[in-house]
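Contents: one structure, followed by commentary.
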Amino acid sequence: MTRTEFEVLNVIVLKGMCRTGTVADVLGIPEAAAEETVAALERAELVGRADDLRLPTDAAEPALVAFAADAYRDLRSGPESDGLYERFERINAQLLHTMAAWQQLDVGGHTVANDHSDRDYDEKVINRAAKLVERLKRIAGALGEHDPRFLRYGDRLDASLDRVDRGERDYLSSPALESVHNIWFEFHEDLLRSLGKARTE
């Protein structure tokens with residue numbers, strides 16, 4: 001597997017199912033280049049298709065794990081690996097609490113769904129999320145010294161927060177969009193695979 005094939009397959013596995021244009025957007029590459037690489041992955045039986053969507057085959061995850069074990073051997077054995085992971089785990093717990101606060105709030109001792117009518121409350125939650133994103137970007141920056149593709153996470157998170165700031169509030173947590181929560185989840189999965197870690201929660 002080439003480096004480009006790894007990066008494209010990684011996006012498809014993280015997304016579960018997506019269009020080739022989405023792969024191109026995530027990686028910041030021309031769609032024609034993504035199409036060419038996806039075709040090669042299809043020939044290798046690592047990617048299948050359902051209409052215009054691409055999805056990983058059962059062989060995709062093991063292929064990514066094998067590639068990552070070789071590509072990130074030095075990173076895994078380096079002194080900063082465990083520290084980066086521990087830093088992420090600390091802010092990940094805070095992000096989960098922040099997303100829960102976005103979905104629900106306490107009213108008179110009772111937890112109710114957030115109808116987003118309290119703009120001040122929502123702004124506080126958004127600001128908390130934005131501060132956590134800045135901390136995650138520092139982790140992504142450190143990883144980017146080993147592989148520049150990690151820097152794309154910061155760009156994507158910034159783009160989603162920009163949309164939230166413009167009033168498109170669904171870009172904070174919607175599972176159907178390129179939301180902060182979705183990108184964060186993908187970073188988590190990518191980090192685990194790259195560092196050879198197992199999910200703890």
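The values are calculated or read from the model by the stated rules, or taken from the named source; none is laboratory data. From a predicted model like this one, the values you see are computed outputs, not experimental measurements. Ideal geometry is used to build each Cβ from the backbone, glycine not excepted, and the neighbour counts take in all protein chains shown. SASA here: full protein model, heavy atoms, side chains in, ligands and nucleic acids out. Shrake-Rupley method; radii C 1.70, N 1.55, O 1.52, S 1.80 Å.
Summary of values
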| read-out | value |
| --- | --- |
| Residue list for region 161-183, restricted to those being open to solvent by less than 50 Å² (accessible area, probe 1.4 Å) and under 27 Å from A68 (Cβ atoms) | S179, V180, N182, I183 |
| All positions within region 161-177 that are in a loop (DSSP other than H, G, I, E, B) and either in contact (Cβ under 8 Å) with a residue 24 or more places away in the chain or among the β-branched types (V, I, T) (or both) | L172, S173 |
| Qualifying residue in region 54-62 (condition: buried (at least 16 other Cβ atoms within 10 Å of the Cβ) and touching a residue at least 60 places away in the same chain (Cβ under 8 Å)) | no |
| Residue within region 9-20 that is open to solvent by less than 80 Å² (accessible area, probe 1.4 Å), of a type in the set (A, V, I, L, M, F, W, C), touching a residue at least 60 places away in the same chain (Cβ under 8 Å) and out of contact with any Leu (no Cβ under 9 Å at 6 or more places or on another chain) present | yes |
| Number of the condition not met by H116 [criteria: (1) within 23 Å of M17 (Cα to Cα); (2) outside any helix (DSSP H, G or I); (3) open to solvent by less than 70 Å² (accessible area, probe 1.4 Å)] | (1) |
| Sole exception among (1) assigned to a helix (DSSP H, G or I); (2) farther than 27 Å from D162 by Cβ for A129, by number | (2) |
| Residues within region 104-155 that are over 23 Å from E189 (Cα atoms) and either hydroxyl-bearing (S, T, Y) or touching a strand residue (DSSP E or B) at 6+ places or on another chain (Cβ under 7 Å) (or both), tallied | 8 |
| Sole exception among (1) part of a helix (DSSP H, G or I); (2) open to solvent by 10 Å² or more (accessible area, probe 1.4 Å); (3) over 18 Å from E7 (Cα atoms); (4) in contact with a Leu (Cβ under 7 Å, 6 or more places away or on another chain) for I139, by number | (2) |
| Checking R163 against (1) more than 18 Å from the chain's Cα centre (by Cα); (2) farther than 23 Å from E189 by Cα; (3) charged (D, E, K, R), the condition it does not meet | (1) |
| Counted residues, region 21-43 - those being in contact (Cβ under 8 Å) with a residue 40 or more places away in the chain and of a type in the set (G, A, S) | 1 |
| Matching residues, region 143-160, being in a helix (DSSP H, G or I), open to solvent by 20 Å² or more (accessible area, probe 1.4 Å) and out of contact with any Phe, Trp or Tyr (no Cβ under 9 Å at 6 or more places or on another chain) | P148, R149, L151, R152, D155, D158 |
| Top-ranked residue in region 87-115 [being in contact (Cβ under 8 Å) with a residue 12 or more places away in the chain and not hydrophobic (A, V, I, L, M, F, W, C); ranked as farthest from L172 (Cα to Cα)] | R87 |
| Sole residue being over 20 Å from the mean Cα position of the chain (by Cα) and charged (D, E, K, R), chosen from E80, E7, E89, E61 | E80 |
